[in-house]
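Following: one structure in structure tokens, then a few remarks.
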Amino acid sequence: MGETSGVNKTGVLVVNLGTPKSYEPQDVGEFLKEFLMDPEVITAPSFVRWPLVNLLIVPKRKYDSGANYKKIWMHDIDKSPLLHHSEQFVDKLAKELNVPVSLGMRYQQPSLQSAMQSLKDQGCNKAVVFPLFPQFSTATTRTAFDKLDEVSSQIKYDYLCSYSSNSQYIEAQADLIRSSTKDKNIEHHLLSFHGLPESILRKEDPSKAHCLKVPDCCAKSCAGKSEALKPVFDSCYRAQCYDTAQALSKALGWSEDQWTMTFQSRLGPTKWTTPYTSETLKKLAVSGVKSVSIACPAFPTDCLETLEEIGMGLKEEFLESGGEEFTLVPCLNSEPVWIKSAAEIVRQRLASTS
């Protein structure tokens, strides 16, 4: 994909979730309010969501989350890891593709609107929207796309909704796991994905008869046994996580007893997708497993959930429960293998729509 000119110039809009501009409680609170007030994130009616977020959750969490952000903040450049790595990814992807590439966040800055304006200013009238969410979810991908539809009418754009089992993405992720664990005696591997409330998964099931109601419902999607249920599998976040995990285990040559797919970052008392990463780690340690690795394939970019929640909090819990060696596989960030893979994914998208 080389740079084009005139009316057919196409750029790339990279979308990530967003980050507070600092770890100070006021800035963290502003980010949390915008994030949690999104009805795709907390699905309760607005008259319930507003007091829940503004009067209960944010007043406390802005201090707790602020302290956690401070632990991982890149103080030398005064940026969050998510913003820094996203910017690095955009810069390197632009050089690889030789086209304009801009960064937009669903929440906070740089905004999606400013990102599209940047592409327009560089002469683009078309764009491929590349979300840094490999598995489609209403709480990430859909809300970002809906916001983009709301704020931008400047450029025609084509969405890349999911690349959960794309061979380029899988090989990049597998390559990073290999390099991070090759010199270690890992007894068990975890593939930890961001969790979702089970109620959201059931809501997104158009059949209302499959998701979390049929034994091994996500496993059946991989087998592709029912074309009639294809819309369920295509829209189900958990099924896409399952596809990613199965593809990675195959690429890495893991047997079934060497790895587990888990879910992290749950919030509130309702049931979220299981098994939970935290509980799985404790069970492994108590059962005598001394060495584990954890990769987070739902997060192409290191952030609070990977660096603090997993790399600090859950690492401490594992070691306190009897574990001895804990390896956190870094996210893809702007690793060369990921830049080349992401560029190929964009090219594939362009080829499929041309």
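The values are calculated or read from the model by the stated rules, or taken from the named source; none is laboratory data. Computed from a predicted model, the values in this text were never measured in an experiment. Because the Cβ atoms are built from the backbone with ideal geometry, glycine has one as well, and the counts that use them run over all protein chains shown.
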task: Output the number of residues of region 112-148 satisfying the condition of being part of a helix (DSSP H, G or I), surrounded by 17 or more Cβ atoms within 10 Å (Cβ to Cβ), in contact with a Leu (Cβ under 9 Å, 6 or more places away or on another chain) and not basic (Lys, Arg).
output: 10
Residues of region 62-89 that turn out to be surrounded by 21 or more Cβ atoms within 10 Å (Cβ to Cβ) and touching a residue at least 60 places away in the same chain (Cβ under 8 Å), as a count: 8
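Let's see how each residue does on (1) out of contact with any Pro (no Cβ under 6 Å at 6 or more places or on another chain); (2) assigned by TED's automatic domain parsing to the domain that holds Glu187; (3) touching a residue at least 24 places away in the same chain (Cβ under 8 Å); (4) of a type in the set (A, V, I, L, M):
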| residue | (1), (2), (3), (4) |
| --- | --- |
| Thr270 | no, yes, yes, no |
| Lys283 | yes, yes, no, no |
| Gly288 | yes, yes, yes, no |
| Cys296 | yes, yes, yes, no |
| Thr301 | yes, yes, yes, no |
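Among the residues in region 91-111, are any surrounded by fewer than 16 Cβ atoms within 10 Å (Cβ to Cβ) and under 21 Å from Thr140 (Cα atoms)? Spell out how you get there, then give the answer.
Keep residues of region 91-111 that are surrounded by fewer than 16 Cβ atoms within 10 Å (Cβ to Cβ), which gives 91, 95, 98, 109.
This time we only want the ones that are under 21 Å from Thr140 (Cα atoms), so: 109.
Yes, that holds for at least one residue.
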statement: Condition set in contact with a strand residue (DSSP E or B) (Cβ under 6 Å, 6 or more places away or on another chain) and assigned to a helix (DSSP H, G or I), scope region 162-212, selection surrounded by the fewest Cβ atoms within 10 Å (Cβ to Cβ): answer is Thr181
message: Given the condition in a helix (DSSP H, G or I) and among the aliphatic types (A, V, I, L, M), answer yes or no: does some residue in region 99-111 qualify?
response: no
statement: Cβ pairs under 9 Å, 6+ apart or interchain, first in region 161-178 and among the charged types (D, E, K, R), second part of a loop (DSSP other than H, G, I, E, B), ordered by first then second residue, are Asp175/Glu335
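Would you check if there is a residue in region 216-230 being modelled with pLDDT of 90 or more and surrounded by fewer than 18 Cβ atoms within 10 Å (Cβ to Cβ)?
Applying the first criterion (modelled with pLDDT of 90 or more) to region 216-230 yields none.
Checking region 216-230: not a single residue is modelled with pLDDT of 90 or more and surrounded by fewer than 18 Cβ atoms within 10 Å (Cβ to Cβ).
Among the residues of region 17-37, what is the count of those that are in a helix (DSSP H, G or I) and not polar (S, T, N, Q)?
Going residue by residue through region 17-37, those that are in a helix (DSSP H, G or I) are 25-36.
If we keep only those that are not polar (S, T, N, Q) as well, we get 25, 27-36.
The qualifying residues number 11.
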- prompt: Which condition number does Ser86 fail, the rest of (1) of a type in the set (Ser, Thr, Tyr); (2) modelled with pLDDT of 95 or more; (3) in a loop (DSSP other than H, G, I, E, B) being met?
  reply: (3)
- prompt: So Leu55 fits all but one of (1) over 15 Å from Glu305 (Cβ atoms); (2) touching a helix residue (DSSP H, G or I) at 6+ places or on another chain (Cβ under 8 Å); what number is the exception?
  reply: (2)
